[in-house]
Structures are given as structure tokens and as C-alpha cells.
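What follows draws every value from the coordinates through simple rules; no lab data is involved. In this text, all values refer to a predicted model and were calculated from it rather than measured experimentally. In this analysis, Cβ positions are derived from the backbone assuming ideal geometry, glycine residues included, and neighbour counts consider all displayed protein chains.
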Amino acid sequence: MVNGSSFHGRRSLYFNCFLAAVKGDLYGIWTVWEKYDPRTALENPERDAMQAQIAAKLEEERQRRKLTNRDFVALIKRFASEKEFSYRTYFLTMRQEQNLTLATVALFARALEISVAELLLPAARLEPWMKRLDLQQIKDNIARSVDGYRKRKNLMKKDVADLIGISVVTYYKIEQAQQNLTLAIIGLIASRLGIPTAALLLGRVPKR
């Protein structure tokens, strides 16, 4: 049986490729196809919530600094190469269409002098110590959560990888806290293992 969300994601992919082909835009066809990732086409409310939080926090920081969009991007780009961050990345992030990695979220945090946790979760839910977590600590928390789930359920690593919808190689990198995770994969881990996103990222659910 074809997953409805996956089907509609592929239909949109084919339609956009068709439009590019009609225009004779070969580069457009390649760009649309390269951008497609079945994981991002699936319904993923946890990812969507993180994307919305990031967009809202970036806009809050831009307005607080009274910067234009261009100047705000220039501020962030001081801490990154063109390959790591571009105006297109910012534009898609604000439209909540960019499947960001944790490394890019950490780049935002470093440039704006705020915490990674403040970008991923509403500030009202965060306890002071949570704002001091760095990128590696968040990766460690995810690794512990995934491994803890596997041990509680007495599952093989491949079983957990299949449950999440990732490769075994990616699973091992997550387990070793070495993978530069995307928000889509974090969302899948949270939803498919039944772990609240806050607990997955922070190590435990905030008391607030």
C-alpha cells in the first residue's frame, strides 16, 4: 500500500519537474529532483514544529537588531562559508521549507549568541541549564535516547533503524553521536519511537 503523504510528495515532485521541462529548464529539473527526499515528503509534525520555532526565533532576533533581511543574512554569513549558508538557505528556512541540519542550527546559534535549544524549542519551556547545552551534548542526548529505547524493547539495531526509516550506517553514526542529523530525521526518531522531542534533544522533559 502506498503511503498517502509519500504519494502526494512524489506527485508534486513529478509535476515540478514537468513544469521545468516545459520551460526547457534542465537545471531546474536537476534542482527539483536533487532536493527531493522521501523523508521530507512524509507528514512529520515534530519536524514542522522545530522549523516553525526556528523561523520565529530568527525573525525575532532580526527585528530585535533592527536589520534588513540582507543585513541579517550578512551577519550570519560572517560565521559560515558560502557552502554552509546562503541567502537561499535563509529564505527557505523562513518559509519552513529547508530541511536544516543540527550543524546549521548551531551556526545560527553561534552567530546570534543564543543557544541551540532556544532555536529548536519555545523559550518558555526551557530551564536555565538547558540553554547551556551545546551541539555535541544534544547529539549525545539523542544517542542515549535511541540506545535506551533499543535496550528497553530488546531490539536489534537494524530493527530500530528500520522502525525509524534510516539506514543501519546512519543508525550507528547516531548511536555514536557523530551524525549531523537533519530536523526530518530527528522528527522521525521522536514520532516513531514515541519520545517527546524535548526529551530527545534535552535528555529529559522540561518541568515547565
Exercise. For N154 and T170 in the same chain, what is the full-extension length gain: residue separation times 0.36 nm, less their Cα-Cα distance, in nm?
Worked result: 3.8 nm
Problem set entry | Among the listed pairs K57/K77; K57/K83; K83/K158; K131/K158; K57/K139; K57/K151, those beyond 25 Å (Cα-Cα) | K83/K158; K131/K158; K57/K151
Problem set entry | Where labels lie 7 Å past Cα in the beta-carbon direction, separation of A199 and Q63 in nm | 3.4
Exercise. Given the alpha-carbon gyration tensor of the range 90-137, what are the semi-axes of its equivalent ellipsoid in whole angstrom, ordered largest first, with each equal to the square root of 5 times an eigenvalue?
Worked result: 20, 12, 9
Exercise. By how many nm would the segment from R144 to F91 lengthen if fully extended, with 0.36 nm per residue of separation less the alpha-carbon distance?
Worked result: 15.7 nm
Exercise. How many Å³ per residue does the convex hull of the Cα positions in the range 132-202 occupy?
Worked result: 75
